[in-house]
Amino acid sequence: MIHDPLPRPAPPETLDDQPPVRAVMSRTVVAIDPAAPLGTALRLMLADGVRHLPVMEDGRCTGMVTETDILRGLAARRGPWGTADLRVLDVVRSAPAVTATDPLSTAAAVMLQEQSDAVLVLGPDGVIAGILTATDLVHTLARR
């Protein structure tokens with residue numbers, strides 16, 4: 001199978017058929033400090049039923065940490081590399097973002113391009129307004 005290096009947006013005639021990101025995104029966003037231990041991040045995810053945490057420092061988002069990032073970090077900690085206590089800042093990744101008014105196809109294209117299963121959703125003021133995950137997209141498609 002051949003993949004295009006850059007996903008193409010949906011053709012204009014299909015844009016009316018898809019809701020904007022704001023119609024599907026989760027408005028509840030749980031964030032974490034980069035200095036938090038990985039165990040704390042995992043407990044926070046379990047308590048709030050989320051798999052992605054924006055990493056916030058001094059009121060701005062510096063990245064995102066996923067459940068997979070945390071589990072890999074915890075597994076490595078117990079492996080042959082020693083027992084160093086890793087923190088969120090040790091496993092943080094970039095946080096792809098879209099706007100709340102973008103069509104879902106744009107969010108899906110960004111996820112594909114960034115090899116991420118979630119994007120942060122920014123409001124008009126550039127502040128995080130929500131999060132959209134690949135699971136949200138699948139649920140939306142399944143309901144249609």
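Modelled this way, with points 7 Å down the Cα-to-C-beta line, the labels at Glu57 and Ala35 are 1.1 nm from one another. For the range 24-104, the solvent-accessible area with a 1.4 angstrom probe is 56 square angstrom per residue. Once backbone amide H atoms are built at 1.01 Å from N, Ala95 has Met64 as its partners under 5 Å, excluding neighbours fewer than 5 places away on the same chain.
Amide H contacts of Ala100: Leu122, each under 5 Å away and 5 or more positions distant or on a separate chain (H built 1.01 Å from N in the peptide plane; Pro and chain starts excluded).
Normalising by residue count, the range 22-144 has a Cα convex hull of 107 Å³ per residue. Each residue of the range 49-59 was assigned a 3J(HN,Hα) from its phi angle through the Karplus curve 6.51 cos²θ - 1.76 cosθ + 1.60 (θ = phi - 60°); the sequence is x, 10, 10, 9, 10, x, 9, 10, 9, 6, x Hz, with glycine and proline shown as x. As a calculated quantity, the FRET efficiency between Arg93 and Ala23 at R0 = 22 Å, using C-beta atoms, amounts to about 0.25. Remark: relative contact order (the range 104-144) = 31 percent; criterion is Cα-Cα distance under 8 angstrom and separation of 6 or more residues. For the range 94-144, the share of DSSP beta bridges that are antiparallel, to the nearest 5, is 60%.
The values are calculated or read from the model by the stated rules, or taken from the named source; none is laboratory data. This is a predicted model, so every value here is computed, not measured. No Cβ is skipped: glycine too gets one built from the backbone with ideal geometry, and neighbour counts run over all protein chains shown. For accessibility, only protein heavy atoms count, side chains too; no ligands or nucleic acids. Shrake-Rupley method; radii C 1.70, N 1.55, O 1.52, S 1.80 Å.
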